[in-house]
Every structure is written in C-alpha cells, then in structure tokens.
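Reading through the structure tokens given below for one structure.
The values are calculated or read from the model by the stated rules, or taken from the named source; none is laboratory data. All values reported here derive from a predicted model rather than from experimental measurement. Methodologically, a virtual Cβ is constructed for each residue, glycine included, from the backbone with ideal geometry; neighbour enumeration extends over all protein chains shown. Only protein heavy atoms, including side chains, enter the accessible area calculation; ligands, DNA and RNA are left aside. Shrake-Rupley method; radii C 1.70, N 1.55, O 1.52, S 1.80 Å.
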Amino acid sequence: MRKNVLGMKIDDIDRVGNRIKDIRKKKSLTITELSKYTGLSVGYLSNIERNQTSPTLRNLATICNALDISMSDIITESADERIVVRKEDWVVREYPEYQQTINFIDFGNANGEFQLVLMQPGKTQKVSEGVHPYPEMGMVLKGELTVIIDGTEYVLHEGDSIRIKPHNFHTMRNHGKEVCESLWYIRHSATREG
C-alpha cells in the first residue's frame, strides 16, 4: 500500500470529506454554521463532505481551525481514545441567538462526549435538527430547566436528570431567574435504542 509524506494510506485521502462531516456533526454544528465560521460557501463545504472536491491546504486549515482540531485529526482515523480531557481542551461554542454557551468535552471516537451547557434566564433553545439518531442524558447542576419532548413538558431542578430517546424532537427553556447549568452525555455512535 502506498503512503504519502504524512504517513497515511493514499486511499484515506478520499475520505477526508467524510471525516470533516463526522467531526462537524459530533460537534453539533450545521453545515451553515461551519460556513459562517470559515467564510466558505455551504455548497463548497457540502461538495467537500461528499468527497466531490478536495479542499486546498489553506481551506483545510480554515476548516480545522473552525472545528478546533488539528489537520492530523482530519487526516487520520486513529483510535484517539482520551483517558483525560483537560479543561483547556474543551471546545467552547457560543450561541448568541439562545444566549447559551456549550462546552464540548469529547473523549474521541465512539466514547461519547459531555456537554456542559450554560443557558441564560428566559431563553429557549429549539433543537431544529433535534431529531437526533442518538440518545441524550442530562442533569441539571444549577438552576431550573424545562425540557419539552414531543409535546410533553418536564421541569427539572438542581440534581434532576432526564433521558431523551433517539428521534424525539425536543426544546429546552430556562424559565428560572439564574443561569441554568446542565451536563449532558451524548454518544453519537449509538444508532439504536438500547
């Protein structure tokens, strides 16, 4: 098998788009959001993700920067199973439209990730792509969180936990008077209910 200077199999180069798409989805970013963060068009990014075109080195670096990963993370599909994730390694995303901050704590591959979510009072997060193919489990660490799953409303207080099954539309609201902190566990590779 031929290898290039980066030590990867030549066949792996054809899967760079798949890796970008997988990493983007694991970070809960839409292709439109990635376009906004990179300045690259949605059509161009879509073509890259479908392996219809190859990104230039400069554009690949731009995409990696927006995804907060190194170029080797895109190129290699190593086991990358982290035992410890340091706070400085968290990926932090601000969502001003929801006045929400999500800290992504990713253990790599199929090990899942934690999301520490901070939501300002009086705000609603509608999960527009919210019919995820994976389950989510969350716990309120501070404040109050209302979770609406397929029309049923659950009011959670500090210490309360909830499980959202795959393919359930859900909305979250902070009706409280303080910032709500919640911790979520998500395992993206979970494809069936277990």
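Figures for the structure shown
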| item | result |
| --- | --- |
| Meets criteria (at pLDDT 90 or above, of a type outside the set (Ser, Thr, Tyr) and over 28 Å from residue 173 (Cα atoms)) for residue 47 | yes |
| Residue satisfying all of: in segment 179-194; under 20 Å from residue 24 (Cβ atoms) and outside any strand (DSSP E or B); modelled with the lowest pLDDT among these | 191 |
| Residue within segment 151-158 that is open to solvent by 20 Å² or more (accessible area, probe 1.4 Å), modelled with pLDDT of 80 or more and not in a strand (DSSP E or B) present | yes |
| Among (1) modelled with pLDDT of 85 or more; (2) closer than 22 Å to residue 185 by Cβ - the single one residue 62 does not satisfy | (2) |
| Members of segment 67-123 found to be assigned to a helix (DSSP H, G or I), open to solvent by less than 70 Å² (accessible area, probe 1.4 Å) and modelled with pLDDT of 85 or more, listed by number | 67 |
